[in-house]
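**Q** One structure, pasted below without further comment.
Since every read-out is calculated from the coordinates, none of them should be taken as a lab result. Please read these numbers as outputs of a predicted model, since none were measured by experiment. Note: ideal-geometry Cβ built from the backbone for every residue, glycine included; neighbour counts use all protein chains shown.
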Amino acid sequence: MPANHFFAGLDAGGSKTLLLAECEALPERIDRHGPAANPQRVGVDRSVQVLSGLVQKTVRAQRPVDHLSVCAGVAGAGRPDEQQALADRLRCELGDDAGSVSVEVVHDACIALDAAFDAESGLVVIAGTGSVVLARTRAGAAHRVGGWGHLLGDPGSGYAVGQAGLRAVAEAFDGGADTSLRPRIAEEYDVDERAALIHWVYQDRPALQDVAPLVIEASADGDAVATDILDAQVARLVRQVEWLLSETDDVAPRVALLGGMLRNEHYAGVLRRVLADQIPDWSVEVLRHEPVVGALRRARRLDE
């Protein structure tokens with residue numbers, strides 16, 4: 001191994017980018033954070049700028065670096081050609097920062113697998129701004145269901161739950177089922193009439209995932225409409241687990257849950273319950289490590 005081999009893992013999610021780095025000469029890991037770098041939302045140029053900038057700020061304080069190994073898990077980079085294009089751009093941008101550079105770009109769900117199980121088999125369910133189900137078989141093959149984005153899928157995600165909550169409020173204005181979501185939205189966002197709701201959603205364009213905590217809180221407090229929303233969204237997410245397992249029976253029977261939605265105990269409890277009903281013999285745990293740990297692990301394996 002080169003005298004100063006620097007390793008950097010990046011997790012570019014829907015709302016922010018995290019970096020975790022280490023090298024042989026440093027006693028502790030380095031962590032940084034930056035803005036979102038999803039190329040589908042911010043563009044490829046901006047994505048490269050954010051990712052390379054975080055690495056450069058970290059590496060340049062440790063010069064000279066003989067070899068730099070980088071793995072980036074990037075939301076919105078699901079296709080191999082997108083991943084290769086980003087890796088090539090990053091390698092070029094970082095070329096002056098080390099004697100040699102190795103770069104790998106994968107979908108951000110892949111680094112969650114590595115954070116949960118290192119290089120071994122298992123299944124992860126991610127529910128954050130978006131959602132996806134990913135598994136690695138005992139033979140090392142990856143299987144993915146979901147991850148289509150908010151326009152085509154992402155059941156159980158913050159976006160989907162928030163959107164469903166606002167639809168329930170619109171229906172309540174129209175004479176549908178009464179729900180405490182209506183006064184909760186009014187108090188939180190000062191939206192208490194039909195015209196205000198339309199203007200807020202279509203003109204102000206709020207981040208709908210930010211509404212999801214209100215839906216979860218309402219469900220936890222016994223609101224029937226909010227509970228129906230949460231149950232339906234989680235059921236659709238778990239259905240994706242069933243679809244994935246119908247493709248292969250070679251996955252170690254363990255599930256790791258992660259994503260911003262899992263930070264809420266009520267949501268996590270609903271998801272655990274539905275998973276227990278569908279795959280009762282599997283272990284289910286909330287991921288103890290941030291996905292960026294998986295990116296760093298992959299960076300360390302790049303040149304093995």
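**Q** Near V101, within a Cβ-to-Cβ distance under 14 Å, what is the net charge of the other residues, with Lys and Arg +1 and Asp and Glu -1? Display every interim value, and only then the final one.
**A** On the way: positive: R60, R63, R89, R91; negative: D66, D88, E93, D96, D97, E104, D303.
Net local charge, V101 excluded: -3.
**Q** Another question, then. Which Cα, out of C23, A224, C110, lies furthest along the positive dipole direction of the chain (beta carbon charges, K/R +1, D/E -1)?
**A** The residue sitting farthest along the positive end of the dipole is C23.
**Q** Can you show me the helix-derived [θ] at 222 nm for the chain, built from DSSP H runs with n ≥ 4 at -39,500 (n - 2.57) apiece and divided by the number of residues, rounded to the nearest 500.
**A** -13500 deg cm²/dmol
**Q** Next up: I want to check the label-to-label distance for R236 and V44. Put each point 7 Å from Cα in the C-beta direction and report it in nm to one decimal.
**A** That separation, rounded to one decimal, is 3.1 nm.
**Q** Over 24 Å, how big is the tail of the calculated P(r) for the chain, in percent of all Cα pairs? Could you put the intermediate results ahead of the total?
**A** Values: 25422 of 46056 pairs.
So the pairs more than 24 Å apart make up 55 percent of the total in the chain.
**Q** Modelled label-to-label distance, R254 and R60, 7 Å Cα→beta-carbon offset: nm?
**A** Those two pseudo-labels are separated by 4.1 nm.
**Q** Which net charge results for the neighbourhood of A276, defined as the other residues with beta-carbon distances under 14 angstrom from its beta-carbon, given Lys and Arg at +1 and Asp and Glu at -1?
**A** Cβ neighbours under 14 Å give a net charge of -1.
**Q** In the chain, what percentage of the DSSP-assigned beta bridges are antiparallel, given to the nearest 5?
**A** Roughly 50 percent of the beta bridges in the chain run antiparallel, per DSSP.
**Q** Something else now. What is the gain in length, in nm to one decimal, between D228 and K16 on full extension, counting 0.36 nm per residue of separation less the C-alpha to C-alpha distance?
**A** So the chain would gain 73.3 nm between D228 and K16.
**Q** What distance in nm lies between label points placed 7 Å from Cα along the C-beta direction at E265 and R167?
**A** Here the answer is 3.1 nm between the modelled labels.
**Q** Per 0.36 nm of contour for each residue apart, how much would the distance between A276 and E187 grow if the chain were fully extended, relative to their Cα-Cα spacing?
**A** Working: separation 89, 0.36 × 89 = 32.04 nm, distance 3.60 nm.
Extra length from A276 to E187 when fully extended: 28.4 nm.
**Q** Report the one residue of L90, G176, V292 whose Cα lies farthest in the direction of the positive end of the charge dipole of the chain (charges on C-beta: Lys and Arg +1, Asp and Glu -1; origin at the Cα centre).
**A** Among L90, G176, V292, the one farthest towards the positive end of the dipole of the chain is L90.
**Q** Residue farthest toward the positive end of the dipole of region 55-146, with Cβ of Lys/Arg at +1 and Asp/Glu at -1: which of G78, V133, L68?
**A** The residue sitting farthest along the positive end of the dipole is V133.
**Q** Now, a different point. Give the percent of DSSP beta bridges with both residues in region 1-112 that are antiparallel, rounded to the nearest 5.
**A** 45 percent
**Q** At q = 0.11, 0.21 Å⁻¹, what log₁₀ I(q)/I(0) does a Debye calculation on the Cα points of region 224-299 give, no solvent, two decimals?
**A** -0.33, -1.05
**Q** Hey, another quick one. Pull out the extension gain between E247 and D210, defined as 0.36 nm times the separation in residues minus the alpha carbon to alpha carbon distance; nm, one decimal.
**A** So the chain would gain 9.9 nm between E247 and D210.
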